[in-house]
Amino acid sequence: MVNTRRNNQGGEELPPPPPVTMEQLMMMQTQLLQQMAQNMQNMGQGNGNAPPHVRDKRGEFLKGHPPVFKHSADPLQADDWLRAIERQLEIAQCDDKEKVLYASGQLQGAALDWWDSFRFGRTEANPITWAEFRSAFRTHHVPAGLMKLKKKEFLALKQGGMTVAEYRDKFIQLSRYAPTEVDEDGKRQELFMEGLNDGLQYQLLSHTFANFQQLVDKALVIENKRRQMEDKKRKFQGQQSGSNSRFRTNPQ
């Protein structure tokens with residue numbers, strides 16, 4: 001006998017519902033478990049049982065191996081330190097207070113003495129901002145007068161007894177003191193050319209270079225070729241001198 005159901009409205013007998021398959025049963029069970037897990041998570045967050053993850057900004061800052069600063073007679077080294085520190089602070093997403101705290105923690109020696117003096121001599125009650133720290137640090141460690149002296153040194157730079165590679169490195173190092181004088185590639189080429197020795201200048205003046213690096217590369221090639229020619233000349237002169245000596249000592 002087939003099981004039937006009665007319709008409450010019309011009293012008609014209805015066929016039984018189709019049996020639930022094992023696959024449907026497993027799917028229903030999975031959905032139920034997922035819903036329960038979601039409800040438990042929502043309840044936990046609502047009750048404060050699952051606090052949000054707190055980032056260790058100090059640890060993230062130190063992972064970048066921020067440099068320590070003590071003292072330097074070269075103002076650009078102080079400026080480099082400030083840039084490196086600021087880059088690590090930005091990566092760690094530090095706020096203004098954290099920036100001052102973590103950056104000052106990398107000061108040692110004379111630099112730390114300056115920082116202590118600056119803090120204790122400050123009369124304002126408000127916390128020191130990062131902008132204030134940067135300005136005070138640069139004023140003390142990157143003085144404008146020394147920057148001007150370094151700029152004059154750059155503008156008077158000559159190759160002299162340096163190799164082209166040594167002159168290039170010195171040129172690039174000092175050019176940071178005169179940013180407006182080298183803000184265009186043409187200016188860099190002109191200043192670099194003026195500082196080269198006369199022989200190299202003469203050989204390079206007839207060429208036009210697309211950029212500063214091409215000028216440097218050509219100067220290096222010419223210098224290397226001249227060195228090879230001078231070595232050959234010395235060897236030849238040495239051979240000639242040896243031959244003449246043997247001829248003079250040869251008995252008559």
Point to revise | Cβ pairs under 7 Å, 6+ apart, first in region 94-105 and within 19 Å of Arg138 (Cβ to Cβ), second modelled with pLDDT under 95 and open to solvent by 70 Å² or more (accessible area, probe 1.4 Å) | key: Tyr102/Arg58
Exercise for review: Considering only region 49-131, give the helices (runs of 4 or more DSSP H) lying wholly within it that have at least 3 residues that are within 30 Å of Ala178 (Cβ to Cβ) and open to solvent by less than 100 Å² (accessible area, probe 1.4 Å).
Suggested key: 75-91, 109-121
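So is Arg168 open to solvent by 80 Å² or more (accessible area, probe 1.4 Å), closer than 23 Å to Lys151 by Cβ and among the basic types (Lys, Arg) or not?
When the stated conditions are applied, Arg168 does not pass them.
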Review point. Do we have Asp116 as among the acidic types (Asp, Glu), under 29 Å from the mean Cα position of the chain (by Cα) and under 22 Å from Leu89 (Cα atoms) here?
Key: yes
Study note, to complete from the structure: When every residue in region 132-146 that is within 24 Å of His65 (Cα to Cα) and open to solvent by 60 Å² or more (accessible area, probe 1.4 Å) is compared, the one farthest from the chain's Cα centre (by Cα) is Ser135
Check your understanding: Can you tell which of Gln213, Gln201 is over 24 Å from the mean Cα position of the chain (by Cα) and either modelled with pLDDT under 95 or under 29 Å from Met147 (Cα atoms) (or both)?
Key -> Gln201
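Kindly check whether there is at least one residue in region 204-225 that is among the aromatic types (Phe, Trp, Tyr) and open to solvent by 40 Å² or more (accessible area, probe 1.4 Å). Reasoning before the result, please.
Initially, region 204-225 is screened for residues among the aromatic types (Phe, Trp, Tyr), giving 209, 212.
Imposing the further condition that a residue be open to solvent by 40 Å² or more (accessible area, probe 1.4 Å) reduces the set to none.
Scanning region 204-225 turns up no residue that is among the aromatic types (Phe, Trp, Tyr) and open to solvent by 40 Å² or more (accessible area, probe 1.4 Å).
The values are calculated or read from the model by the stated rules, or taken from the named source; none is laboratory data. Please read all numbers here as calculations on a predicted model, not as lab measurements. Heads up, the Cβs are rebuilt from the backbone with ideal geometry, glycines too, and the neighbour counts pull from every protein chain shown. When the accessible area is computed, the model is the full protein with side chains, heavy atoms only, and any ligands, DNA or RNA have been set aside. Shrake-Rupley method; radii C 1.70, N 1.55, O 1.52, S 1.80 Å.
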